[in-house]
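See below for the structure under consideration.
Bear in mind these aren't lab numbers, they're just calculated from the coordinates by the rules spelled out. This is a predicted model, so every value here is computed, not measured. Cβ placement follows ideal geometry from the backbone for every residue including glycine, while neighbour counts extend to all protein chains displayed.
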Amino acid sequence: IRGAKITSVSSGVTVESPSLTVTPIRGAKITSVSSGVTVSQHDSDIATIKRRRTNHKGRSQSTIIGSVECSHQEFRGTMLGNSRPKGSLMYVTEVAVRTDARRCGAGATLMGGVDEVAALRNIETIYLHVDVENRAACAMYEKCGYRYLDKREPIYAQFTASLNLHDGAMHGRKHYLMYKNRTGKTTWLEDDDDELFLEEMRTRGDSLGLLAKR
């Protein structure tokens, strides 16, 4: 869109006009394409999957069947964000696939696009939350290389609470926090204030209501 050009395709993806694109926002510039994914450099990347169909008049048309949004703003002001180098983290804020287009690999293709964006930005670790009842999504993320974090760890409990996704915050719903390390080594920074806060949370334990087990 807006003059985007497909430059390469991999992973068995068939690209049509194109099949997976990112909309440039606020002057963002499209920089590359891989696996049928067009990516942009900005604080937030939004991608959509389009499926081509033929209508009743015999004309081909595209329909959006899924989207994914990534950002790094969620880490600002959190212990997790302060504990890692600036620009090394990315958060998947939303993944959505149309009901009639599920179970066909669309979600995995979108997550492949997330990997491409992360590679462009030299991201070390990708994080996301998923509803514990959404077993299909959990299985898909696991297949894409994501692993579960121990919610008893205060640094992750505080991050989850900062997004209002801690247990019971949203009409009793619960969420897992998952992560994927892109690099063989992750960089952690030391912060004395955060260490004191972490020690206090460990001492107070489950009384905070944030340290529920998976």
Rounded if a/c is under 1.5, else prolate if a/b beats b/c, else oblate: with a ≥ b ≥ c from the C-alpha gyration tensor eigenvalues square-rooted, which is the stretch 138-194? oblate
In nm, give the distance between the simple-model label positions of ALA119 and THR93, each being 7 Å from the Cα along the Cα-to-Cβ direction. 2.5
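Contour minus end-to-end for ALA136 and ARG103, with contour as 0.36 nm per residue of separation and end-to-end as the Cα-Cα distance? It would help to have the intermediate numbers written out before the result.
Values: separation 33, 0.36 × 33 = 11.88 nm, distance 0.90 nm.
Fully extending the segment from ALA136 to ARG103 adds 11.0 nm.
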Note down the net charge around ALA136, summing +1 for each Lys or Arg and -1 for each Asp or Glu among other residues with Cβ under 13 Å from its Cβ. +1
Taking the dipole of the stretch 142-191 about the Cα centre (Lys, Arg +1; Asp, Glu -1; charges at Cβ), the one of ASN164, THR186, TYR148 that reaches farthest to the positive side is TYR148
For ARG173, list long-range residues whose amide hydrogen, built 1.01 Å from N in the peptide plane, is under 5 Å from its own amide hydrogen. GLY168
Which entries in LYS151/LYS185; LYS151/LYS174; LYS86/LYS185 show an alpha-carbon gap greater than 19 Å? LYS151/LYS185
